[in-house]
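The values are calculated or read from the model by the stated rules, or taken from the named source; none is laboratory data. Predicted model, so just to flag it, every value in this text is computed and none were measured. A quick note on method: Cβ atoms are made from the backbone with ideal geometry, for glycine too, and the neighbour counts reach across all protein chains shown. Protein only, heavy atoms only, side chains kept; ligands, DNA and RNA dropped before computing areas. Shrake-Rupley method; radii C 1.70, N 1.55, O 1.52, S 1.80 Å.
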Amino acid sequence: MSSLLVKAQAGSTIVEVTPESAGWTHVGFAAHRLASGEQISLETAGRELCIVVLTGTVTVKVGEQSWENIGERLSVFEDRAPAAVYVPRRMRVSITATSDAEVGLCSAPGTSDRPVRLIDPNTMTRSVRGKGANTRYVRDILPQTEAADGLLVVEVVTPSGHSSSYPPHKHDSDNIPTESSLEETYYHRLNPAQGFAYQRVYTDDRSIDQALAVENHDVVMVPRGYHPVTMPYGYDGYYLNVMAGPKRVWHFKNDPAHEWLMNK
């Protein structure tokens with residue numbers, strides 16, 4: 001299998017993953033950097049979209065609706081959730097930066113014509129997972145408790161020296177409630193920006209087994225298998241997760257070899 005690491009680029013489109021480029025069915029993701037005044041336009045066609053304002057402020061127009069100057073963060077590492085907009089299929093979208101900004105475009109196949117809506121950061125559930133050096137901080141942007149066709153979107157901050165998505169877990173089998181089948185992308189940010197992280201993606205039979213050195217703005221694709229992340233000392237990690245599959249529910253199975261860590 002070719003590398004599951006998608007390297008960041010220097011242009012306005014930082015990184016992009018499509019179902020065609022990934023060789024899968026559901027998840028799409030792109031990150032864009034916009035200077036103040038710059039605009040991107042798109043049509044959702046047969047896909048639903050969650051626009052995540054990672055940093056800066058933007059005006060989002062969808063059809064006849066618009067939201068002005070949304071977004072508050074200067075950094076994804078700030079202790080606050082992002083602004084986001086949910087867009088169903090068959091809509092025209094424009095995103096105009098009202099300051100220097102970075103946006104994430106998360107997509108999956110759309111099956112209905114749900115209303116467009118602003119997802120207020122104050123409504124997003126925030127939680128702490130793990131303990132000790134496995135502690136990380138979670139912000140649910142579009143969880144399964146909120147309306148969408150297929151998309152699940154969440155962001156996670158992992159402190160220096162900590163592990164995340166750990167113990168290793170997977171969600172690649174349609175075996176609900178034990179496990180659901182979901183493709184996934186990880187969009188990584190590092191603080192300070194010259195840092196790096198490690199992410200391993202592996203299956204039980206090792207038909208996939210890749211240990212990836214991840215730099216700022218890189219994406220890791222997870223078509224199947226376990227996918228833990230580790231942050232070296234001195235660098236905090238952030239990732240934006242996009243998941244989608246045949247059923248919009250997140251159930252995962254821990255690697256049996258490492259499940260004993262849950263009892264520590």
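Using only Cα atoms, figure out Rg for the stretch 1-47 and give it as a multiple of 2.2 N^0.38 Å.
Against the empirical 2.2 N^0.38 Å value, I get 1.34 for the stretch 1-47.
So what is the accessible area of the chain per residue, in Å², with the probe set to 1.4 Å?
Averaged over the residues of the chain, the accessible area is 44 Å².
So if we plug the beta-carbon distance of MET262 and SER160 into 1/(1 + (r/R0)^6) with R0 = 30 Å, what FRET efficiency do we get, rounded to 0.05?
The pair MET262/SER160 has a calculated efficiency of 0.85.
Kindly state, to the nearest 0.05, the FRET efficiency for ALA193 paired with THR98, given R0 = 25 Å and r defined as their beta-carbon distance.
0.60
By a straight-distance test (C-alpha under 26 Å), which lysines pair with LYS264 as possible cross-link partners, with residues fewer than eight away in the same chain excluded?
Partners found: LYS131, LYS170, LYS253.
Give me the percent of accessible area attributable to carbon and sulfur for the stretch 112-264, probe 1.4 angstrom.
51
Starting from the coordinates of the alpha-carbon atoms of the chain, obtain the Kirkwood hydrodynamic radius over all distinct pairs and give the value in Å to one decimal.
Evaluated on the chain, it is 18.5 Å.
Using all alpha carbons of the stretch 1-82, what is the percent of pairwise distances in each 10 Å bin, ordered from the shortest bin to the longest?
Each 10 Å bin holds this share of Cα pairs: 13, 42, 35, 9, 1.
So if I take the centroid of the Cα atoms in the stretch 114-165 and the same for the stretch 1-57, what is the distance between those two points in Å?
Here the answer is 19 Å between Cα centres.
Dipole magnitude of the stretch 1-55 about its Cα centre, charges +1 at Lys/Arg Cβ and -1 at Asp/Glu Cβ only, in debye to the nearest 20?
Its charge dipole is roughly 180 debye.
For the stretch 166-264, just run the numbers: alpha carbon Rg, then divide by 2.2 N^0.38 Å, N being how many residues it has.
1.10
What does the charge count around SER173 come to, taking other residues whose C-beta lies under 15 Å from its C-beta (Lys +1, Arg +1, Asp -1, Glu -1)?
-4
Whole percent per 10 Å bin, from 0 to the bin with the longest distance: what is P(r) over all C-alpha pairs of the stretch 71-175?
All Cα pairs, binned at 10 Å, distribute as 12, 38, 34, 15, 1 percent.
R0 = 35 Å: FRET efficiency of TYR233 with MET1, Cβ-based, nearest 0.05?
Computed FRET efficiency for TYR233 and MET1 comes out at 0.65.
Suppose every Lys and Arg Cβ carries +1 and every Asp and Glu Cβ carries -1, with no other charges. What dipole size does the stretch 134-198 come out with about its Cα centre, to the nearest 20 debye?
The calculated dipole for the stretch 134-198 is roughly 460 debye.
Inverting the mean 1/r over all pairs of different Cα atoms, compute the Kirkwood radius of the stretch 89-236 and quote it in Å.
Here the Kirkwood hydrodynamic radius works out to 17.3 Å.
Beyond 12 Å, how much of the Cα-Cα pair distribution for the stretch 52-91 remains, as a whole percent?
Above the 12 Å cut-off, the stretch 52-91 has 58 percent of its Cα pairs.
From the backbone phi of the stretch 171-185, what are the Karplus-calculated ³J(HN,Hα) couplings (6.51 cos²θ - 1.76 cosθ + 1.60, θ = phi - 60°) in whole Hz, Gly and Pro given as x?
8, 10, 10, 7, 9, 5, x, 5, 7, 10, 9, 9, 6, 8, 10
Could you tell me what a quarter of the Cα convex hull surface of the stretch 1-147 works out to, in nm² with one decimal place?
Mean projected area for the stretch 1-147: 10.2 nm², to one decimal.
Would you work out the charge dipole size for the chain about its Cα centre, treating the Cβ of every Lys and Arg as +1 and the Cβ of every Asp and Glu as -1, and quote it to the nearest 20 debye?
I would put it at about 320 debye.
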